[in-house]
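Worksheet for the structure shown next.
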Amino acid sequence: MQIRPTIIAGLVIIAAAFASTVQASASAAPLPSAANSIHRDAEDALAGITVPDSQLARDATQLVRESEGEFLFDHSLRVYYWAAMAGKRKGFAIDPELLYVASMFHDFGLTQRYQESHLRYEVDGANAARDFLRSHAIPEADSQTVWLAIALHTTNGISANLFPLAALVADGANMDLVGTGYDDFTSAQRSAVEAAYPHPPGFAEEFMQSLYDSLKHRPETTQGTGLADVMAYKDPRFVRRDFSALMRRSPWAKGK
């Protein structure tokens, strides 16, 4: 049987149109974002803890990951897991979204966007988190709670005596950096977090370099904090402020 040329031409046209439609649909289909990838990875509980599955959490993930890079992002994610595990162990009733945002933004002030800032980096991160929460219509009281948790997370002895969210962010950060409370976590919990988001070799040196690179233009903001130790370690010219000397040299001590 012979197929007429007109029929063949019609079939060719239909096939071409179909191929174009498939190609266009493939091009239009959104590629999985980093935020979606993290949330898919976290669908299964990691040592009983999951990343909140909400638009707020996804947007926080996307923004922080793009701004911080993998090294600080993974640190922030580990801080969330340590904090959430500690909260569960202590029986705290914590909003997981607020804990996630506070954990993810706690080192946001170390990013390149603050290379000219002369605020404490903790305040830069707290401001960014509060602006982010406000942009998502989160109640002001909750935004301020997150602000305080981030702003005070390096001030040991204060956060633990505020509210649970502040205590947990500080606990999570201290656990990930120096192992504070290490034995309060089970070996299964520690292994689960390390298997998913491991500390890279040379983590301590790389983290201190990240701190120094972000703070060397504003060394005055580190005075009176543990960050001054990092500045002195990285820069032999750095001089720690002596509060006793300030008192002895004050106008009051000199009789005005």
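Derivation of every value follows stated rules applied to the coordinates shown; laboratory data play no part. Fair warning: this is a prediction, and the values are worked out from it, not measured in the lab. Note that each Cβ is placed from the backbone with ideal geometry, even for glycine, and that neighbours are counted across all protein chains shown.
Would you confirm whether any residue within the stretch 87-104 is among the acidic types (Asp, Glu) and within 11 Å of the chain's Cα centre (by Cα)?
Within the stretch 87-104, none of the residues are among the acidic types (Asp, Glu) and within 11 Å of the chain's Cα centre (by Cα).
Given the condition among the charged types (D, E, K, R), touching an Asp or Glu at 6+ places or on another chain (Cβ under 9 Å), over 20 Å from Thr186 (Cβ atoms) and surrounded by fewer than 21 Cβ atoms within 10 Å (Cβ to Cβ), answer yes or no: does some residue in the stretch 77-89 qualify?
no
As an exercise: evaluate Gly157 against (1) touching a Lys or Arg at 6+ places or on another chain (Cβ under 8 Å); (2) within 23 Å of Leu177 (Cα to Cα); (3) small (Gly, Ala, Ser); (4) surrounded by fewer than 20 Cβ atoms within 10 Å (Cβ to Cβ) and give the number of the one condition it does not meet.
Only one criterion is unmet by Gly157, namely (1).
Surrounded by fewer than 22 Cβ atoms within 10 Å (Cβ to Cβ) and either in a helix (DSSP H, G or I) or touching a residue at least 24 places away in the same chain (Cβ under 8 Å) (or both): does that describe Leu63?
Yes; evaluated as a whole, the condition is true for this residue.
Are any residues in the stretch 134-151 under 18 Å from Phe108 (Cβ atoms) and either in contact (Cβ under 8 Å) with a residue 40 or more places away in the chain or over 15 Å from the mean Cα position of the chain (by Cα) (or both), and if so, which ones?
Scanning the stretch 134-151 gives Arg134, Ser135, His136, Ile138, Asp142, Ser143, Gln144, Thr145, Val146, Leu148, Ala149, Ile150.
Select from the stretch 219-256 the residues that are touching a residue at least 12 places away in the same chain (Cβ under 8 Å), over 20 Å from Gly157 (Cβ atoms) and not in a loop (DSSP other than H, G, I, E, B) and list them in ascending order.
Within the stretch 219-256, Pro219, Glu220, Met231, Tyr233, Lys234 qualify.
Out of all the residues in the stretch 92-106, which are over 17 Å from Ala47 (Cβ atoms) and outside any helix (DSSP H, G or I)?
Within the stretch 92-106, Ala93, Asp95, His106 qualify.
Name the residue, out of Asp171, Asp183, that is over 22 Å from Phe71 (Cβ atoms) and of a type in the set (Asp, Glu).
Testing whether each residue is over 22 Å from Phe71 (Cβ atoms) and of a type in the set (Asp, Glu) leaves just Asp183.
Name the pairs: first residue in the stretch 185-204 and in a helix (DSSP H, G or I), second residue exposed (fewer than 12 other Cβ atoms within 10 Å of the Cβ), Cβ to Cβ under 8 Å, at least 6 apart or on different chains?
Arg190/Tyr182
Based on this model, can you work out whether Arg113 counts as out of contact with any Lys or Arg (no Cβ under 7 Å at 6 or more places or on another chain), surrounded by fewer than 19 Cβ atoms within 10 Å (Cβ to Cβ) and part of a helix (DSSP H, G or I)?
Taking the combined requirement at face value, the residue satisfies it.
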